[in-house]
1. Name the one entry in A:TYR113, A:TYR92 that is at pLDDT below 95, surrounded by 12 or more Cβ atoms within 10 Å (Cβ to Cβ) and in a helix (DSSP H, G or I).
2. Which numbered condition in (1) touching a His at 6+ places or on another chain (Cβ under 9 Å); (2) in contact (Cβ under 8 Å) with a residue 60 or more places away in the chain is the only one that B:LYS13 fails?
3. Suppose we filter segment A:42-87 for residues that are of a type in the set (Lys, Arg) and within 14 Å of chain B (Cβ to nearest Cβ); how many remain?
4. Being closer than 23 Å to B:SER11 by Cβ and surrounded by 22 or more Cβ atoms within 10 Å (Cβ to Cβ) is the filter here; which residues of segment B:58-85 pass it?
5. Identify the residue in segment A:58-83 that is basic (Lys, Arg) and in contact (Cβ under 8 Å) with a residue 12 or more places away in the chain and, among all such residues, is farthest from A:LEU131 (Cα to Cα).
6. Residues in segment B:42-99 that are part of a loop (DSSP other than H, G, I, E, B) and touching a strand residue (DSSP E or B) at 6+ places or on another chain (Cβ under 8 Å): how many?
7. Looking at A:LYS73, A:LYS18, A:LYS58, which one is among the basic types (Lys, Arg) and in contact with a strand residue (DSSP E or B) (Cβ under 7 Å, 6 or more places away or on another chain)?
8. Is it the case that A:ILE51 is closer than 25 Å to B:LEU93 by Cα, among the hydrophobic types (A, V, I, L, M, F, W, C) and modelled with pLDDT under 95?
Amino acid sequence: MTTATVTYSIKSDRTFLKEVRDKVRSFLSDISDEVERNRIVLAIDEALSNIIIHGYEKNNLFGDITIAMQREKNMVVITLTDTAPPFNPLEYYRTLTNNTDTYKESGRGIKTYLTIMSATYRRNNDGTNQLTLFKEIN
Amino acid sequence: MSNATLQITESSKDSIHIISLVGEIDAKTAPHLKQALDSALASGKRKIALDFTSLTYISSAGIGVLNAFLHALKNSNGTMVIANPSKTVRDTLDVMYFSKKVSVYPDLSSAINGLK
């Protein structure tokens, strides 16, 4: 498969979650395994929900989030860029326990998307957070 | 722009309260589910069958609501089962370990029998 890239922006509003899921699902439409496709959709939805809720809503902020989706050969790379205060989910993930039996599991969303996809985080010089999720598909 | 929707309908069979979910549960619609489940518990429902037949998506926001509800229900000597999740919804339940906490049945009638 040749390289394909789709980029667009949304406001930090939960209302946009379904739209993003639909776009990611469409971008991955050639993946025949619906479970594998849904897992990637779920991972992006979890990452985006965390940014909207913990990055913006809980800080009483509102802003833009850019979603860049890229395919190259068997690799799916999706980058979320936001203007919320600095937050490194990879560092936060390391503080979480692996206990799945508790009823109040903080970080369930982060655990989920970092289980499904690999990730890198960087704080850009322009003050944005950039979370890149990537996964090799079969 | 298309918004996620979640329709919730409730019915009873024998002593079992059936909650049927149609649509998607995400961070936007999960509060709607929480409201319905809290209301069922407050009105004394203790045997709950969640019919997932027409549920097309669930995220951790939905699992979080179900998890908290299960905890409250168990504290009230209640129990809950899930009926007929799609392949992808079932996978999400598995990924988040929720299927280890509740019984999942292939159809509503077997779920109801499981609660009797």
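The values are calculated or read from the model by the stated rules, or taken from the named source; none is laboratory data. What you are looking at is a predicted structure, and each value in this text was computed from that prediction instead of being measured. We place every Cβ from the backbone using ideal geometry, glycine too, and count neighbours over all the protein chains shown.
1. Values: A:TYR113 fails: at pLDDT below 95.
The unique qualifying residue is A:TYR92.
2. Checking B:LYS13 against (1) touching a His at 6+ places or on another chain (Cβ under 9 Å); (2) in contact (Cβ under 8 Å) with a residue 60 or more places away in the chain, the one that fails is (1).
3. Residues of segment A:42-87 that are of a type in the set (Lys, Arg), as a first pass: A:58, A:71, A:73.
Those still in the list that are within 14 Å of chain B (Cβ to nearest Cβ) too: A:58.
The total comes to 1.
4. B:ILE58, B:GLY62, B:VAL65, B:LEU66, B:PHE69, B:MET80, B:ILE82, B:ALA83, B:PRO85
5. Just the residues of segment A:58-83 that are basic (Lys, Arg), to begin with: A:58, A:71, A:73.
Now drop any that are not in contact (Cβ under 8 Å) with a residue 12 or more places away in the chain, which leaves A:71, A:73.
Values: A:ARG71: 16, A:LYS73: 21 Å.
Among those that are basic (Lys, Arg) and in contact (Cβ under 8 Å) with a residue 12 or more places away in the chain, it is A:LYS73.
6. Going residue by residue through segment B:42-99, those that are part of a loop (DSSP other than H, G, I, E, B) are B:43-46, B:59, B:76-78, B:84-86, B:96-97.
In the following step, the residues that additionally are touching a strand residue (DSSP E or B) at 6+ places or on another chain (Cβ under 8 Å) were identified as B:45-46, B:59, B:78, B:84-86.
Adding up the residues that qualify gives 7.
7. Values: A:LYS73 fails: in contact with a strand residue (DSSP E or B) (Cβ under 7 Å, 6 or more places away or on another chain); A:LYS58 fails: in contact with a strand residue (DSSP E or B) (Cβ under 7 Å, 6 or more places away or on another chain).
It is A:LYS18.
8. On the way: closer than 25 Å to B:LEU93 by Cα: yes; among the hydrophobic types (A, V, I, L, M, F, W, C): yes; modelled with pLDDT under 95: no.
No, not satisfied.
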